[in-house]
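In what follows, a single structure is set out as structure tokens and then discussed.
The values are calculated or read from the model by the stated rules, or taken from the named source; none is laboratory data. Being a predicted model, the structure only gives us computed values, none of them experimental. A quick note on method: Cβ atoms are made from the backbone with ideal geometry, for glycine too, and the neighbour counts reach across all protein chains shown.
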Amino acid sequence: MRETDSVAVYFVYPMIHALREQPARLRALLEQVGIDPVLMDQPAARVPATAFAALWLAQIRDLNDEFFQLDSHGMPPGAFALICRALIQEPTLEKAMRQCLANFSLFLHDFRGTLTVRGKRAVIGLQTQAHSIEQARYGEETFMVLMISLLCWLGGRRIPIDRADFRHQRLSLSDDSLLWGANLTLGAERTEIEFDSRLLQLPVVQDLALLKAFLRSAPQWLVIRFRNQQGLASQLYQRLRSSHYGEWPTLDAFALEQHLSPSTVRRKLTREGCSFQEIKDEVRRAVAFEQLRQTRTSITGIAEQIGFQEPSAFHRAFKKWTGESPGQYRLRLQGRAGVGVKPG
């Protein structure tokens with residue numbers, strides 16, 4: 001974790017929700033970990049990742065709950081480590097995730113996750129019976145952060161999310177594209193995330209020694225490691241997003257721009273859990289989703305923008321990504337947008 005790493009204030013809200021009626025105690029806690037209390041009214045403002053991690057640990061200790069009292073039962077300290085210890089014994093990500101969801105349900109009573117595999121698509125869904133809208137909103141996103149971050153850690157790589165739907169509304173954040181991918185819908189009918197089911201067949205690469213290191217740095221790892229705005233993967237992502245497909249650099253050209261050798265770029269991207277080609281594919285998906293949602297550009301025009309020589313090839317690829325055609329996707333989602341919310 002770099003000193004420049006930061007997290008949107010919005011992601012602090014789940015941790016401090018239990019103190020919403022204790023302003024003096026909340027102020028003292030924030031000042032203790034190095035967060036300016038004034039920022040709590042600015043959900044898009046940034047706080048240092050180190051302060052975020054310190055707050056995470058302090059709240060678990062003070063609340064005696066690893067789920068920050070967002071659930072009626074909660075998770076006692078040590079539950080997360082116990083769950084992780086079981087997961088590293090599983091051979092594949094699919095078996096580990098099914099075990100993970102089952103184990104979380106032993107502790108949490110209001111949030112129940114499921115894993116469904118539909119051909120080439122995998123969906124983690126979430127059923128919620130929280131006592132308040134705020135608890136549901138913060139609890140659902142916290143739960144999904146834990147699930148996708150654990151998948152990334154267990155597989156030792158980024159797991160690109162092709163679709164993320166949340167029932168709650170909130171403002172859009174700069175973290176969203178890295179955390180949830182470009183195909184994020186707020187105010188959806190249900191809460192679920194979708195990704196390539198082939199990733200579930202990847203082996204679990206972590207062991208007990210790596211687990212101990214992971215647990216020592218878990219708070220920042222869960223939000224930062226594979227969603228790092230200052231990482232090389234993010235720099236490549238932004239470089240591609242800011243230029244037309246025809247002007248995208250090759251790996252060698254990008255390495256030259258970064259004053260690095262191509263082998264160093266490959267190694268750094270691998271360390272961040274991805275490859276040059278995977279980031280290119282992720283950007284192509286992001287541009288397609290954005291254009292279909294927000295513009296009237298023809299599907300043929302969008303296909304050309306992201307490097308498909310034939311519209312039919314784009315149709316096939318898009319259906320592989322989402323399970324529906326570009327036209328069906330546009331009809332269903334165009335015009336929908338998230339609405340900002342204040343902390344509860």
Test result for residue 83, in a loop (DSSP other than H, G, I, E, B) and of a type in the set (Val, Ile, Thr): no
Selected residue (criterion: nearest to residue 79 (Cα to Cα)) from residues of the range 91-101 that are surrounded by 15 or more Cβ atoms within 10 Å (Cβ to Cβ) and touching a strand residue (DSSP E or B) at 6+ places or on another chain (Cβ under 9 Å): 100
In the range 4-24, what count of residues is obtained for those that are in a helix (DSSP H, G or I) and surrounded by 13 or more Cβ atoms within 10 Å (Cβ to Cβ)? 11
Residue 130 more than 21 Å from the chain's Cα centre (by Cα), assigned to a loop (DSSP other than H, G, I, E, B), in contact (Cβ under 8 Å) with a residue 12 or more places away in the chain and assigned by TED's automatic domain parsing to the domain that holds residue 18: yes
Quick one: how many residues across the range 165-204 are among the hydrophobic types (A, V, I, L, M, F, W, C), modelled with pLDDT of 95 or more and touching a Phe, Trp or Tyr at 6+ places or on another chain (Cβ under 9 Å)? 2
Pairing a residue in the range 82-98 that is within 8 Å of residue 154 (Cβ to Cβ) with any residue that is among the acidic types (Asp, Glu), where Cβ atoms lie under 7 Å and the two sit 6 or more apart in sequence or on different chains, gives 88/207; 96/90
Hey, can you tell me all the residues within the range 137-150 that are over 14 Å from the mean Cα position of the chain (by Cα) and surrounded by fewer than 22 Cβ atoms within 10 Å (Cβ to Cβ)? none
Within the bounds of the range 282-302, is there any residue that is outside the structural domain of residue 159 (by TED's automatic domain parsing) and at positive phi? no
Within the range 64-79, count every residue that is in a helix (DSSP H, G or I) and surrounded by fewer than 17 Cβ atoms within 10 Å (Cβ to Cβ). 0
Odd one out for residue 239 among (1) under 25 Å from residue 155 (Cβ atoms); (2) touching an Asp or Glu at 6+ places or on another chain (Cβ under 8 Å); (3) at pLDDT 90 or above: (1)
Answer with yes or no whether residue 317 is assigned to a helix (DSSP H, G or I), loosely packed, with under 13 Cβ neighbours inside 10 Å and among the small types (Gly, Ala, Ser). no
So residue 106 fits all but one of (1) closer than 24 Å to residue 123 by Cβ; (2) touching a Ser or Thr at 6+ places or on another chain (Cβ under 8 Å); (3) surrounded by fewer than 17 Cβ atoms within 10 Å (Cβ to Cβ); what number is the exception? (2)
Might you let me know whether the range 26-48 holds any residue that is closer than 26 Å to residue 151 by Cα and not basic (Lys, Arg)? yes
Does residue 270 meet the test of being more than 19 Å from residue 172 (Cβ to Cβ), modelled with pLDDT of 90 or more and more than 18 Å from the chain's Cα centre (by Cα)? no
